[in-house]
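J.: I have a structure I would like to understand better, so I am pasting it below and will then ask my questions one at a time.
Rule-based calculations on the coordinates, nothing more; no lab input. Please read these numbers as outputs of a predicted model, since none were measured by experiment. A quick note on method: Cβ atoms are made from the backbone with ideal geometry, for glycine too, and the neighbour counts reach across all protein chains shown.
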Amino acid sequence: MEQTLKHIWNTLFSRLGYTVAQTKKSGDRGADLILSKNSIKYVVQVKFSTSNNIGFDAVKEAHTGNDYYNASKAAVITNNNFTKQVIESAKKLNVVLVNGNKLNQLANAITQILEFALNTRAIPQIAK
């Protein structure tokens, strides 16, 4: 499932105009996706969990990836939530956290846009 999420994010970021490189499955040096846009590089660590909150290792990996790939910003994206310790650590390490609640908000916003477009027969434009 984590590979599917990586593919979805790869596609979404590409559509948003980012150049996206997906790292290999193992030995990724803390980044699953490396994004570039307007000469700014970002690293993204994608974590999937059906039961446990995401722990500190994800933030540590993203922070390491940020240094290794010489990126400007690091993020961890998950379908689940983060522990309080992770949230505090991420703030100190300047790692952006995107949890399942934020993903649901994003999905709802996209759904509303598409429903509006269908009801008004307007076609939303997405960058390719």
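J.: Can you return the lysines within cross-link range of K102? Criterion is Cα-Cα under 18 Å, with same-chain partners fewer than 8 residues away left out.
T.: Counting by Cα, and skipping residues close in sequence, K102 has these lysines nearby: K6, K47, K84, K91.
J.: What is the ratio of the Cα radius of gyration of segment 36-128 to 2.2 N^0.38 Å, where N is its residue count, to two decimals?
T.: Working: Rg = 16.2 Å, N = 93, 2.2 N^0.38 = 12.3 Å.
Against the empirical 2.2 N^0.38 Å value, I get 1.32 for segment 36-128.
J.: Grab the beta carbon distance between K37 and L93, set R0 = 25 Å, and tell me the FRET efficiency rounded to 0.05. Numbers along the way, then the final one.
T.: Details: r = 22 Å, r/R0 = 0.88.
Once the sixth-power term is evaluated, E becomes 0.70.
J.: For the chain, with a Gaussian network of springs between Cα atoms less than 10 Å apart, report the residue from A90, A21, A58 with the top mean-square fluctuation.
T.: Evaluated over the chain, the most mobile residue of the options is A21.
J.: Would you mind ranking S39, S14 by Cβ crowding within 10 Å, fewest neighbours first? All intermediate terms of the calculation are to be shown ahead of the outcome.
T.: Values: S39 6, S14 14.
Lowest to highest Cβ neighbour count: S39, S14.
J.: Taking the chain as the reference, fit the longest principal axis to its C-alpha atoms, fit the long axis of helix 84-93 to the helix C-alpha atoms, and give the angle between the two in degrees, 0 to 90, nearest 10.
T.: So the inclination is approximately 80 degrees.
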